[in-house]
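The values are calculated or read from the model by the stated rules, or taken from the named source; none is laboratory data. Everything numeric here is computed off the predicted structure, so don't read it as measured data. With ideal geometry, Cβ positions are generated from the backbone for all residues, glycine too; neighbour counts draw on all protein chains shown. The area values use the complete protein model at the heavy-atom level, side chains included, leaving out ligands, DNA and RNA. Shrake-Rupley method; radii C 1.70, N 1.55, O 1.52, S 1.80 Å.
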Amino acid sequence: MKYNHETILKCASMVKEAESIAVLSGAGVSTSSGIPDFRGPNGIYRRKYDIEPERIFDIDFFSRDPAFFFKFHREFLKALKEVSPSYTHRFLTALEREGSLKGIVTQNIDALHHKAGSKNVLEIHGGVWKSTCLSCGKSYDYETSWKKTMEEEIPHCEKCGGVIKPDIVFFGEDVKHLEESRSIISQADLLLVLGSSLTVVPAALLPSCCNGKIVVVNKGDVSGAYLSPNRIDLRIDGDLDEFFGDLNEELNLTIQ
Ligand code: OAD
Ligand code: ZN
């Protein structure tokens, strides 16, 4: 469904009026960069694997069979080297530079908000920056984790031989920066929820701590289970890059 010009103008005035904007982003902000989402038409969870794809990020399954995850992760790390931030990532960086965007809470582990130059990014599902030995807790930096993941079927700790797991939050593990995320979102007078189906908690519950206006930009359905449609002030069902391109015709931010 294509949004109309009136919607663009409405969103532009909400952004201009807001003194404090927060963003909750999901996998949809990175699809145009070439990283697949999970539940979209071509999402990872729609694909055929030897196991149910949801189990790729399941901590119990990982403990039993880490090799399966690393086969998947190896390809993901290689793909990450090739990708560039989308227009949406870069638009958000410009909005932060302009001053009103106070923080991005992201469910993504692809580091593309950082790569675009955004400063205040809370990766609640972790990231690929570091890995940790599950037995002794030794921490490995990005370069070493990358090398080990490429060279070993299952990367093992140099100190104790334990399995090294990237600091990505799996199902069954606690999300990170939850209090800080709630704080940024509750203080915002405008929350932009971008490219997320809002199906995974606690991330999907975060918009409910917003005391300001909520704009949701997502192509396709967004679950109403955790964020009631009545609570959404503006819903754009369309492509993110296209929408922010049109929005920026009104805002004139310098996108780098
Ligand atoms: P989903 O894949 O559930 O939702 C992404 C949404 O973005 C879908 O509704 C897509 O239709 C939409 N979308 C894709 N490309 C778009 C585009 N160019 N413009 C607009 N919308 C677009 O991803 P998340 O909600 O981020 O967690 O998933 C949440 C969590 O589920 C992930 O962080 C991951 C996963 O399991 C863990 O692995 C812990
Ligand atoms: Zn160890």
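Among the residues of segment 224-244, those identified as of a type in the set (A, V, I, L, M, F, W, C) and either more than 25 Å from Glu173 (Cβ to Cβ) or touching a residue at least 60 places away in the same chain (Cβ under 8 Å) (or both) are Ile232, Leu234, Ile236, Leu240, Phe243, Phe244.
Among the residues making up segment 66-94, those that are open to solvent by 20 Å² or more (accessible area, probe 1.4 Å) and over 20 Å from Lys147 (Cα atoms) are Ser84, Pro85, Tyr87, Arg90. Among the residues making up segment 236-256, a single one is among the β-branched types (Val, Ile, Thr) and within 10 Å of Val217 (Cα to Cα): Ile236. The residues on offer are Ile109, Ile104, and the sole one that is over 16 Å from Val83 (Cβ atoms), of a type in the set (Val, Ile, Thr) and in the same structural domain as Val201 (by TED's automatic domain parsing) is Ile104.
For segment 118-159, filtered to residues that are out of contact with any helix residue (DSSP H, G or I) (no Cβ under 8 Å at 6 or more places or on another chain) and away from ligand 2 (no atom under 16 Å from the Cβ), the residue that is farthest from Pro66 (Cα to Cα) is Glu123.
Only one entry in Gly224, Gly245 is part of a loop (DSSP other than H, G, I, E, B), surrounded by fewer than 18 Cβ atoms within 10 Å (Cβ to Cβ) and among the small types (Gly, Ala, Ser), namely Gly224.
Within segment 165-223, which residues are within 13 Å of ligand 1 (Cβ to nearest atom), of a type in the set (Val, Ile, Thr) and free of Cβ contacts under 8 Å to residues at least 40 places away in the same chain? Hits for segment 165-223 are Val201, Val216, Val217, Val222. Restricting attention to segment 227-242, the residues that are open to solvent by 80 Å² or more (accessible area, probe 1.4 Å) and in a loop (DSSP other than H, G, I, E, B) total 0. Suppose the filter is open to solvent by 10 Å² or more (accessible area, probe 1.4 Å) and either at pLDDT 95 or above or among the aliphatic types (A, V, I, L, M) (or both); does Ser63 pass it? Considered against the rule, which asks whether it is open to solvent by 10 Å² or more (accessible area, probe 1.4 Å) and either at pLDDT 95 or above or among the aliphatic types (A, V, I, L, M) (or both), Ser63 comes out as no.
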